[in-house]
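One structure below.
The values are calculated or read from the model by the stated rules, or taken from the named source; none is laboratory data. Please read all numbers here as calculations on a predicted model, not as lab measurements. Here the Cβ positions follow ideal geometry from the backbone for every residue, glycine too, while neighbour counts run over all protein chains shown. Just the protein is used for accessible areas: all its heavy atoms, side chains included, with ligands, DNA and RNA removed. Shrake-Rupley method; radii C 1.70, N 1.55, O 1.52, S 1.80 Å.
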Amino acid sequence: MLPDPFAATTRGITEPDPVRPALRAAGPVVEVAAPQSGSAWIVTEEKLARQVLSDSRIAKDPAFAPEGWTGLEQTAAEQPSLTTLDGQDHTALRRAHAPLLSAKRIQAQSDRIHQIARVLLTDLGGETVDLMDGFSTRFPLTVLLDLLGIPLHLLDAAVDACRRMSDPEPGAQGKAIAALADLAAAGLTPNRNGLATELRDQLPSGSSEDDLRYHLFSLIFAGQLTTDASLGFLIARLLDGDTDPEERLVRETLREHPPAPFTLWRFTTTELDLAGIRLPAGAPVLVDIQGINTDPARKPGPDLTFGAGPHFCVGAQLAQLELRAAAAVLRTDFPRARLAMPYAELRQSFLGGIQGTRLTSLPVRLHG
């Protein structure tokens, strides 16, 4: 029997995930019970996944979701964003974001990002610190606020809002979104210089102030989420004795532990066939990123950690640089850093749905 791919679980860091092999064995497209209601279809084969991620008949817009589904973003008509728009509208919005997060622009911030990692780790102090509590969330958020030109004294408020995004209480997520959008607006005040004001000037004509605030919220929340979980796995691997160069260490960590196991939801806009299976219009579709990345039969090549096609993650360069910076700073500035518990005793928690997996804790002795 196929295990529930959306069920919250906790297991040891070295314990195999039973879901990925089961999904692969079930076929290239697997029908499962959706977390909301009805069925969903999970794509487990790489070539088909790349086709799905570029297929204009499979949309990101929640307007195509089955009736009664909740917890999704607003529709593209209600709130246009990189994660809800498709086609020409998405292309125009992506053109506004992409130059700000290009490899060249991000690499120019390398020294600053390394310095942020160095300061945050140094400030933790103490003999033993939990880096999943004191570093993994604060580091990417500090980088994002700094890049956007948002005052760093708002960091604690940003950390709190990001944590409240996963609060199951009714209305909690909406309040957290509003808090992050208000915080982002601090980067737009006169005399602030950062990517927030650049984005404002780059947005397509007709974009409103509310649109801008939502785009900034998305950059902050998605940017934190993209790095936070993977950072724990990378540091655990590094301090367990992995001697790979930073670039390979980051690539392999992200391949095995991508920020999210699945893509965001997509929905068919018409009836269509996938691998001989007929999907109705409005069918929820996911790509199993983690399963495809870790398929033992997979040939070497670019993985799906940051997606593929028009919606390839616009912040991929930033996430990878942050991870490389954390690894480099730990190796050079904290050469005696060690795990404060055996690697095999670390635990990882999957929150359920399509959310990512992160370590429950990461106790580290920074000074050996």
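Here are some notes:
- Annotation note: of 282, 301, 232, 223, the sole residue that is open to solvent by 10 Å² or more (accessible area, probe 1.4 Å), in contact with a strand residue (DSSP E or B) (Cβ under 7 Å, 6 or more places away or on another chain) and not hydroxyl-bearing (Ser, Thr, Tyr) is 282.
- Which numbered condition residue 127 fails, given (1) within 17 Å of residue 196 (Cα to Cα); (2) touching a Lys or Arg at 6+ places or on another chain (Cβ under 7 Å): (1)
- Filtering region 14-26 to residues that are among the β-branched types (Val, Ile, Thr) and crowded, with 19+ Cβ neighbours inside 10 Å leaves only 19.
- Condition met for residue 196 (at pLDDT 90 or above, part of a helix (DSSP H, G or I) and surrounded by 12 or more Cβ atoms within 10 Å (Cβ to Cβ)): yes
- Of all residues in region 176-197, none satisfies the criterion of being of a type in the set (Val, Ile, Thr), under 19 Å from residue 159 (Cα atoms) and over 20 Å from the mean Cα position of the chain (by Cα).
- Those residues of region 332-356 which are assigned to a helix (DSSP H, G or I), touching a residue at least 24 places away in the same chain (Cβ under 8 Å) and either open to solvent by 70 Å² or more (accessible area, probe 1.4 Å) or closer than 30 Å to residue 195 by Cα (or both), in sequence order: 333, 345
One line per residue, one yes/no per condition, for (1) farther than 29 Å from residue 201 by Cα; (2) among the basic types (Lys, Arg); (3) in contact with a helix residue (DSSP H, G or I) (Cβ under 7 Å, 6 or more places away or on another chain):
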{"position": "12", "(1), (2), (3)": "yes, no, yes"}
{"position": "16", "(1), (2), (3)": "yes, no, no"}
{"position": "49", "(1), (2), (3)": "yes, no, yes"}
{"position": "93", "(1), (2), (3)": "no, no, no"}
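- Within region 40-53, the presence of at least one residue that is more than 18 Å from residue 311 (Cβ to Cβ), in a loop (DSSP other than H, G, I, E, B) and either within 22 Å of the chain's Cα centre (by Cα) or not charged (D, E, K, R) (or both) is confirmed.
- Among the residues of region 27-36, just one is open to solvent by less than 60 Å² (accessible area, probe 1.4 Å), over 22 Å from the mean Cα position of the chain (by Cα) and farther than 14 Å from residue 276 by Cβ, namely 32.
- Selection of region 61-75 for residues being of a type in the set (A, V, I, L, M) and either farther than 12 Å from residue 173 by Cβ or open to solvent by 70 Å² or more (accessible area, probe 1.4 Å) (or both) yields 63, 65.
- Failed item in (1) surrounded by fewer than 22 Cβ atoms within 10 Å (Cβ to Cβ); (2) modelled with pLDDT under 90; (3) assigned to a helix (DSSP H, G or I), with residue 201 passing the rest: (2)
- Within region 134-163, residues that are closer than 13 Å to residue 318 by Cα sit with their Cβ atoms under 6 Å from residues that are buried (at least 19 other Cβ atoms within 10 Å of the Cβ) and among the β-branched types (Val, Ile, Thr), at 6+ positions apart or across chains, in these pairs: 140/227; 142/116; 143/113; 143/116; 144/220.
- Scanning region 208-220 for residues that are touching a Gly at 6+ places or on another chain (Cβ under 8 Å) and open to solvent by 10 Å² or more (accessible area, probe 1.4 Å) yields a single hit, 219.
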